[in-house]
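All remarks here apply to the structure that follows.
The values are calculated or read from the model by the stated rules, or taken from the named source; none is laboratory data. No experiment lies behind these values; they were computed from the predicted model shown. Backbone-built Cβ (ideal geometry, glycine too); neighbour counts: all protein chains shown. Ligands, DNA and RNA are stripped out before the accessible areas are found, and what is left, the full protein with its side chains, is counted by its heavy atoms. Shrake-Rupley method; radii C 1.70, N 1.55, O 1.52, S 1.80 Å.
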Number of protein chains: 4
Amino acid sequence: MHTYLFYNDYSEGAHPDVLKALITYNDGQENGYGEDMVTRKAVALLRERIGINEAKIAFVSGGTQANLVVLASLLQPYESVIAPVSGHIHVHEAGAIEATGHKIETVPSTDGKLTPTLIEKVVSDAMPIHTTKPRAVFISHATEVGTIYTKRELTALSDTCRKLGLYLYLDGARLGTALVASETDMTLQDIARLVDVFYIGGTKNGAALGEAIIICNPKLQENFDYHLKQRGALLAKGRIIAAQFLAMFNGTLYMDMARHANAMAQKLSTGISAMGYMFLTDSPTNQIFPILPNTLIDKIKDKYGFYVWCPVNGDTSCIRLVTSWATKEEAVDEFLATLKNL
Amino acid sequence: MHTYLFYNDYSEGAHPDVLKALITYNDGQENGYGEDMVTRKAVALLRERIGINEAKIAFVSGGTQANLVVLASLLQPYESVIAPVSGHIHVHEAGAIEATGHKIETVPSTDGKLTPTLIEKVVSDAMPIHTTKPRAVFISHATEVGTIYTKRELTALSDTCRKLGLYLYLDGARLGTALVASETDMTLQDIARLVDVFYIGGTKNGAALGEAIIICNPKLQENFDYHLKQRGALLAKGRIIAAQFLAMFNGTLYMDMARHANAMAQKLSTGISAMGYMFLTDSPTNQIFPILPNTLIDKIKDKYGFYVWCPVNGDTSCIRLVTSWATKEEAVDEFLATLKNL
Amino acid sequence: MHTYLFYNDYSEGAHPDVLKALITYNDGQENGYGEDMVTRKAVALLRERIGINEAKIAFVSGGTQANLVVLASLLQPYESVIAPVSGHIHVHEAGAIEATGHKIETVPSTDGKLTPTLIEKVVSDAMPIHTTKPRAVFISHATEVGTIYTKRELTALSDTCRKLGLYLYLDGARLGTALVASETDMTLQDIARLVDVFYIGGTKNGAALGEAIIICNPKLQENFDYHLKQRGALLAKGRIIAAQFLAMFNGTLYMDMARHANAMAQKLSTGISAMGYMFLTDSPTNQIFPILPNTLIDKIKDKYGFYVWCPVNGDTSCIRLVTSWATKEEAVDEFLATLKNL
Amino acid sequence: MHTYLFYNDYSEGAHPDVLKALITYNDGQENGYGEDMVTRKAVALLRERIGINEAKIAFVSGGTQANLVVLASLLQPYESVIAPVSGHIHVHEAGAIEATGHKIETVPSTDGKLTPTLIEKVVSDAMPIHTTKPRAVFISHATEVGTIYTKRELTALSDTCRKLGLYLYLDGARLGTALVASETDMTLQDIARLVDVFYIGGTKNGAALGEAIIICNPKLQENFDYHLKQRGALLAKGRIIAAQFLAMFNGTLYMDMARHANAMAQKLSTGISAMGYMFLTDSPTNQIFPILPNTLIDKIKDKYGFYVWCPVNGDTSCIRLVTSWATKEEAVDEFLATLKNL
C-alpha cells in the first residue's frame, strides 16, 4: 500500500475554488452547447489573457479529445501531422489521431522538443502523392519529458511553420507549469501570437476536468463547432467547464497552482541531485526523471507510487515523479528522507 | 427577452445534491482513467441497481460521445446500425456515427419507435456485399418525440434482435423520464436484461454532465476501454462523473428528478389539451409536442423559449416544450395562463 | 440454366476494339502512376471531347472507387452529400461513402432524379452544428432507374448548387446511354459545363474496366492525386485504362456501343408494352422496368437471367432488364416471343 | 532524354501472353463481381499452386488497394499493425492505412526485414488502453530493399505471431522475384502455410494490373467481400484480372518472368561490384542498391532513368536500379559499359 502517489498530476480532485465556481454558476437557465453566458464570460476572460480578441475558444472535457478534434479540423485526408516520437498523440492516445484518418509523421527527439531542422527534413523528404503531405506540427509545452521551449525556440518553429505552410499546434496539457517555470522567458500572450492553435490544460492543473482550445488563426475558426459536435466533444451544459476556467483565470489561481507543482518537483529534483543521481532530461517543470539504481527503486516502489519510465542500463532505470497543485510538501520531504536513508 | 425557457432539459445546471457529491468525493489521491475508488463504488452501485453483477460500466461526458463510442465498438467496418428516421444519431449528431465509418440504415417511424417488422424488413432487404450488413439496432427510451416502449414491445424487439444476430442498443439520454412515466410497466432491471448495451443519461436529468454506459452483454465488454480512450472519452479523473451517479442512484434522486420533469410536462399537456389543442405524439414524458395555430405561436414566442418542431399545415405548427428536474411550477402555470388568455 | 442474361451491362467482357488498344499501347517504357504518354494522350482527347482544356482527368478501375474518392475529396469531415434514396452510393456500395467518414443525406424520389426543391429543402432543414452541413449533390445520369435529365433540369440543378455553395457531382456509370438516348437534348459538353465533377463510365459500356473522373471545377483539382493514391485507386500502369478510353473516344465507339444497348432495351420495351404491360419508370436508356404478373415471372425466370426489382402489388412485380453493347438482337427477339407465347 | 529506364518494374506494359488471355476469356456472359467462371477457374488454379484448398482468393487492381483492404479487415479500430520503417504501407501509400483508421507501429530495420525480437518488443512495450493494441504484422517478400526471408526466418516470425496472437500478413508485390531468387529455400506453399494472409503481385511482374489476395487463415475469410466492395476494390468484370493470373500460373510464366528480372538485376550487380562499388543491401532480387560517387551519378543520370535512394556520405549516394520481366539485356550491358568507361 502506497503512502503517497507521484504517478501523475491528475491523482487528486479539483482545487476547492474551482469546485466553488461550479456552485456559483449553477443557477439559472442558459442556452445549451456553449451558447450560455458563463461560457461567453470565460471566453471573454481568456481572450483578454491571451491578448487576441478574435480568438475562437472552446471548452472540452479532456486532452486526447482536444488533440483529436483540433487535428481532424486542421488536416485534409491525405495530410499529416509532424510530431516528436515522444509526442502524446503518438504514444499515449490509443491511435486517436489515426482513428480520424491521419498519419503522424514522427521525428526522433531526445528532449521531447522539435526544431526547425527536424521539421524541414520531414517536409523535404516527403514525396508528393506517395507519402502524406505534412500540414501541421504538434508540439507540447511543457513536453512529455518536462522540458520547455524558450521564446527564441518557439519563434524559430513558428517562422519555419509559416514559411512552409504548416499549422503549428501546441498541446498545453501542462501549459501552466511551463508558464511559471523559473527559467522561462515566454508569456501566454507570446504563445498565442506564435502558434495557430493551442490548448490550456485544466485537468492536469487543478480543474475537475476540462481544457480550453484556443484557435488563434482566424482562418481555422469558422466550422470548428461542427468538428466538436461530430466528435462528441460539445457539452450540453457549457457552463461546467467554463466556470472552472473563470475560477482559474479570474485571478492568479491557474499560475499559483502550477507554481506549487513546479516547486514540489524542483524540491524533489534538488534533493535527488544532491544525493548524486543524474536525470534523463533537464526539467524545470512538474515532471522529473531521475535515474536510480534498480535495487533502490525496488526498495521504494512499495511505499511510493510512480512509473518506471525506461531502463537506462542493466543496473539503473529512469523513473518519473510527477507533482501537482495538491502535492503535500511533507510527502516530498518524506520521499527524500526515505531515499537518503536507504 | 424570454421569461422562461422550455427549450430543453439541459437549460439548467446540476441538482445541488449532485454538486455536493463532487465536493464529498474530491479529496485524496486516486488512480487515473477510471481506476479510482469512486468509480469502482459507482460501478458497484449501478450493477446492483440494474441487477447484472458482471456488467461493464463506463462513465462518459455526453450523449453523442456515448453513442459514437458504443456503436464504433459494436460494428465491423461494413456493418450498419438500424435506427428510426427520428433517431438522435441520424439527425442531431453532425454525422458522428458516419465519422466513425458506419452507415445508419433508417426506417420510417411516426412515433419514434422501432418494431420487429421494421427491423426485419431492413435485414431482409439487405443484399449481401452490395448493401451494408445490419448488425446493431438503435432505439431511444424515451424517444426523441417523448414516447416510450412497453415491456411487451421491448421484449419483442429484443427477441427479434437475438434471432437475427443484431445487437440492441438503447440510448437512455432521457431514461429517467421513461422509467417513471405514469404508464410504464418497465423497470431498469427489465431494460438491462433485454438490451445488449444502453446508457443512463445524466446530462438531461440533473447531472452537471455525464452518462453511464452499461454493457450488459459480456461478449462486448473486453476491449471497450480502448474504444473510450481512442475517441477521447476516457476522463483522467474518473471520480468527476462517478460521484454524480453515486449521488443520483444512492437514494431516489435520479427517479425523483425525472418524476418532477414528467409532472411539469404532463401539467402543461393537460392544460393545453383542455384548451382543445391536439398533439403530434402521445408523450407521457418530459417532452410534449402540442399543435398550435401559427398566429398563437407568434404571440407567445417572445415570452417563452421553445422550438417550433415542424409545420403541420399552412395554419398550424407543432412546437416542442421540454421540462426538467428544475422546471418551476409557477412557470408552467404562467405559460398555461398566457396561452389561455390569448 | 439460363439461355440469356439480362442481369446487367457488365455480363460481357470488353469490346474487341478496346482489347485491341491494350495491345496497341502495350510496348515501350513509360512513367508510372498516370504520368505515362498514353494517359496524357487520353487526357488530351477527353479534354477536347468535353470542351474544357483545363479539366483534371484521372482514370480509375471502377464506379464505387470513383464515387468514394471523389466525395472524400470534396467534403470536410462534417460535410455531407445529398442523394436520392435510389442513389447508387446509398444502396449499392456497402457503406463506401460512410467508410470515408461522410453522411449521405437522402431525399425521396420516385424517378431517381433530384430537383432544386428537394435540394433546397435539405439545405434549409439543416440545423448548424447539430446536423451535417450539406456540401455536395450526387446525381446519376442515366439514373439507377433508367431515367435521364433534360438540359433544362440539369441547368436548374446546377444553378441551385452554385447558389447554395454545393458541389454538383454526376455519376456517369451509364453516361453513354444517357447521351445517345433518343429523347435527350444534352451533349457531353453541356454536362461538363454544368457540373463540378463527373465520371464517364467505361465498365458498363464496353470497357474491360475503368472510369474517367473529370474534375471540371479548377478549385477542386489540386491535390486530387493524393486522394487517388490514398484510396488505392492510382494504378501503377496508367496506360491500362487510358488505352481503353482512347479506343472508345478516338472515334464514335463509345456512343455506338451505348446506342446499341439502348436500341436493344427499347426494342424490349416496345414489345412488352405492346403486350399491354406497364413500367415502373419511363426509361429511354438500357435499363427497363416492366411490371409483370408473378405467375408470368415464374415461367420465364429459369430461361432468362434478370432481377426482380420490387413487388408492385400482391400479384405483380417489377423486373429489371438490362442490355449492353453486346446484347444479341436474337436474344431480345426470343425473349419477346417467349413472353408473348406464355 | 533517357535511353533506358531502371526506375521500376512497372515501366513496361503486360507480357504478351497475359494480354492474350484477356482475349481468350473475353467472350460470353458471366456473373458480375467475382462470381464468374474465369475467376472460379483462377481461384481453383491458385489454390492448387499454394496447396490450400480452402483459401479465400480475391483479385484486386493494385498493391496499395490490397494492403488497405486486407489490413482494414484484420484490425479492430484500436488495433495496429507492426511494420518495418521501410515498409511500403508506412512510406509509400499516402497514409492509406491510417485513412482506414489504423496506426502503423514501426520498428527500425536496416535490411527491410522484421525479426521475432523486434515484434516482441513492440508487443511488450504496448501499454493497455494508452497505446494501440498490436494485432497484425506487415512484412514484404522481397522487401522494399530487395532482401528476402529464409524459410527459417519466416517460420520464426510465424511462430512468434501465433504465440502472440498476431496476424502475419505478407505483401507479395515482388513475390515472384523472391520465389526464384537463387539463394531462396522457400516455396509458394511454404509461404501459404506460414502466413495468415498474403498477396501475389501481378502488377510488378508482367500483368497489366492486378494482385491476388490469398486468405489462408479460415477465420479471416467470411466477410472479406464486404471489405472489398466497401473500399471500391471489387471489380464488376472479375475475369479481367483472373484471366491474367490464369495465364501467369497455368504454366511457368509467372516464375519465368521473375527469373528474367532477377537475372538482369544480378548481372547489373555483378558488373557494378566488379568495378569495386559497395551496395546498401545484399539483394538477390530485381532491385539493387549500389553506392556510387555523386560525380558519377551526375554523369549517368541523363542517360538512364533511376532513383537516388539516399545520400550515404557527402561524396557518395545510394541509387536504386530496378529490372523487370521486360528488361533488355543489351540495356544492361550498355549501362555497365557506360559506367565502366566513365
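Where in segment D:71-135 are the helices (runs of 4 or more DSSP H), entirely inside, with at least 1 residues that are within 12 Å of chain B (Cβ to nearest Cβ)?
In segment D:71-135, the matching helices (runs of 4 or more DSSP H) lie at D:96-99.
Working carefully through the options C:PRO128, C:PRO116, C:PRO108, find the one that is open to solvent by 10 Å² or more (accessible area, probe 1.4 Å), free of Cβ contacts under 8 Å to residues at least 12 places away in the same chain and farther than 25 Å from D:ALA99 by Cα.
C:PRO128
So if I check each of D:ALA212, D:ALA173, D:ALA208, D:ALA192, which one is of a type in the set (Gly, Ala, Ser) and farther than 30 Å from C:ALA242 by Cα?
The match here is D:ALA192.
Only helices (runs of 4 or more DSSP H) wholly contained in segment B:168-238 count here; list those with 2 or more residues that are on the phi > 0 side of the Ramachandran plot and modelled with pLDDT under 95.
Counting at least 2 such residues, we get no helices (runs of 4 or more DSSP H) at all.
For every residue, the table says whether it meets (1) under 26 Å from D:GLU35 (Cα atoms); (2) modelled with pLDDT of 95 or more; (3) of a type in the set (Val, Ile, Thr).
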| position | (1), (2), (3) |
| --- | --- |
| C:TYR4 | yes, yes, no |
| C:ALA14 | yes, yes, no |
| C:TYR33 | no, no, no |
| C:ALA58 | no, yes, no |
| C:ALA99 | yes, yes, no |
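Out of curiosity, is A:ASN26 assigned to a loop (DSSP other than H, G, I, E, B), modelled with pLDDT of 95 or more, at the interface with another protein chain (Cβ under 7 Å from one of its Cβ atoms) and farther than 15 Å from A:GLY202 by Cβ?
yes
Name the residue, out of A:ILE297, A:ILE319, that is within 20 Å of A:ASP9 (Cβ to Cβ) and of a type in the set (A, V, I, L, M).
Testing whether each residue is within 20 Å of A:ASP9 (Cβ to Cβ) and of a type in the set (A, V, I, L, M) leaves just A:ILE319.
When you look at A:ALA258, is it in contact (Cβ under 8 Å) with a residue 60 or more places away in the chain, touching a Ser or Thr at 6+ places or on another chain (Cβ under 9 Å) and open to solvent by less than 20 Å² (accessible area, probe 1.4 Å), yes or no?
Considered against the rule, which asks whether it is in contact (Cβ under 8 Å) with a residue 60 or more places away in the chain, touching a Ser or Thr at 6+ places or on another chain (Cβ under 9 Å) and open to solvent by less than 20 Å² (accessible area, probe 1.4 Å), A:ALA258 comes out as yes.
Does segment B:39-60 contain any residue that is within 11 Å of chain A (Cβ to nearest Cβ), among the polar types (S, T, N, Q) and open to solvent by 10 Å² or more (accessible area, probe 1.4 Å)?
The answer is no; no qualifying residue exists.
Out of segment B:29-38, which residues are assigned to a loop (DSSP other than H, G, I, E, B) and buried (at least 17 other Cβ atoms within 10 Å of the Cβ)?
Selection gives B:GLN29, B:GLU30, B:ASN31, B:GLY32, B:TYR33, B:GLY34, B:ASP36.
Yes or no: B:ALA94 of a type in the set (Gly, Ala, Ser), at pLDDT 95 or above, farther than 30 Å from C:PRO311 by Cβ and surrounded by fewer than 24 Cβ atoms within 10 Å (Cβ to Cβ)?
For B:ALA94, the condition - of a type in the set (Gly, Ala, Ser), at pLDDT 95 or above, farther than 30 Å from C:PRO311 by Cβ and surrounded by fewer than 24 Cβ atoms within 10 Å (Cβ to Cβ) - is not met.
So, in segment B:221-245, how many residues would count as being more than 14 Å from chain A (Cβ to nearest Cβ) and either open to solvent by 20 Å² or more (accessible area, probe 1.4 Å) or among the β-branched types (Val, Ile, Thr) (or both)?
2
Here are B:GLY271, B:GLY276: which of them is outside any loop (DSSP other than H, G, I, E, B) and surrounded by fewer than 20 Cβ atoms within 10 Å (Cβ to Cβ)?
B:GLY271
Are any residues in segment B:168-182 among the hydrophobic types (A, V, I, L, M, F, W, C) and either surrounded by fewer than 23 Cβ atoms within 10 Å (Cβ to Cβ) or within 15 Å of B:ALA261 (Cα to Cα) (or both), and if so, which ones?
Residues satisfying the conditions are B:ALA173, B:LEU175, B:ALA178, B:LEU179, B:VAL180, B:ALA181.
Which of the residues spanning segment A:9-23 are open to solvent by 10 Å² or more (accessible area, probe 1.4 Å), out of contact with any Phe, Trp or Tyr (no Cβ under 8 Å at 6 or more places or on another chain) and within 8 Å of chain B (Cβ to nearest Cβ)?
Selection gives A:TYR10, A:PRO16, A:LEU19, A:LEU22, A:ILE23.
Looking at (1) surrounded by fewer than 22 Cβ atoms within 10 Å (Cβ to Cβ); (2) without any contact (Cβ under 8 Å) to a residue 40 or more places away in the chain, find the lone condition where B:THR64 falls short.
(1)
Looking at (1) touching a helix residue (DSSP H, G or I) at 6+ places or on another chain (Cβ under 8 Å); (2) more than 26 Å from A:TYR169 (Cα to Cα), which is the one condition that is false for A:GLU330?
Unmet for A:GLU330, out of (1) touching a helix residue (DSSP H, G or I) at 6+ places or on another chain (Cβ under 8 Å); (2) more than 26 Å from A:TYR169 (Cα to Cα): (1).
Has segment D:306-322 got at least one residue that is in a helix (DSSP H, G or I) and without any contact (Cβ under 8 Å) to a residue 40 or more places away in the chain?
no
List every residue pair whose Cβ atoms sit under 6 Å apart, with the two residues 6 or more apart in sequence or on different chains, where the first one lies in segment A:236-251 and is more than 20 Å from A:LYS56 (Cβ to Cβ) and the second, anywhere, is charged (D, E, K, R).
That search, which allows pairs on different chains as well, returns A:ALA247/A:ASP17.
Rundown of residues vs (1) crowded, with 24+ Cβ neighbours inside 10 Å; (2) away from chain D (no Cβ under 14 Å); (3) over 30 Å from A:LYS103 (Cα atoms); (4) in contact with a strand residue (DSSP E or B) (Cβ under 7 Å, 6 or more places away or on another chain), yes/no style:
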{"residue": "C:ILE191", "(1), (2), (3), (4)": "yes, yes, yes, yes"}
{"residue": "C:TYR199", "(1), (2), (3), (4)": "yes, no, no, yes"}
{"residue": "C:GLY210", "(1), (2), (3), (4)": "yes, no, no, yes"}
{"residue": "C:LYS219", "(1), (2), (3), (4)": "no, yes, no, no"}
{"residue": "C:ALA247", "(1), (2), (3), (4)": "yes, no, yes, no"}
{"residue": "C:LEU280", "(1), (2), (3), (4)": "no, yes, yes, yes"}
{"residue": "C:SER283", "(1), (2), (3), (4)": "yes, yes, yes, no"}
{"residue": "C:ILE291", "(1), (2), (3), (4)": "no, yes, yes, yes"}
{"residue": "C:ASN294", "(1), (2), (3), (4)": "no, yes, yes, yes"}
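Can you confirm whether segment D:309-322 contains a residue that is within 22 Å of D:GLU144 (Cβ to Cβ) and in contact with an Asp or Glu (Cβ under 8 Å, 6 or more places away or on another chain)?
yes
With the condition kept exactly as written, say whether any residue in segment C:283-300 is closer than 19 Å to D:GLU30 by Cα and small (Gly, Ala, Ser).
no
Please enumerate the residues belonging to segment B:136-167 that are part of a strand (DSSP E or B) and open to solvent by less than 10 Å² (accessible area, probe 1.4 Å).
Passing the criteria: B:ALA136, B:VAL137, B:PHE138, B:ILE139, B:SER140.
Checking C:LEU253 against (1) open to solvent by less than 10 Å² (accessible area, probe 1.4 Å); (2) out of contact with any Lys or Arg (no Cβ under 7 Å at 6 or more places or on another chain): exactly one of these is not met. Which one?
Condition (1) is where C:LEU253 drops out.
Name the residues in segment C:10-19 that are among the acidic types (Asp, Glu) and either part of a helix (DSSP H, G or I) or under 16 Å from D:LEU234 (Cα atoms) (or both), would you?
C:ASP17
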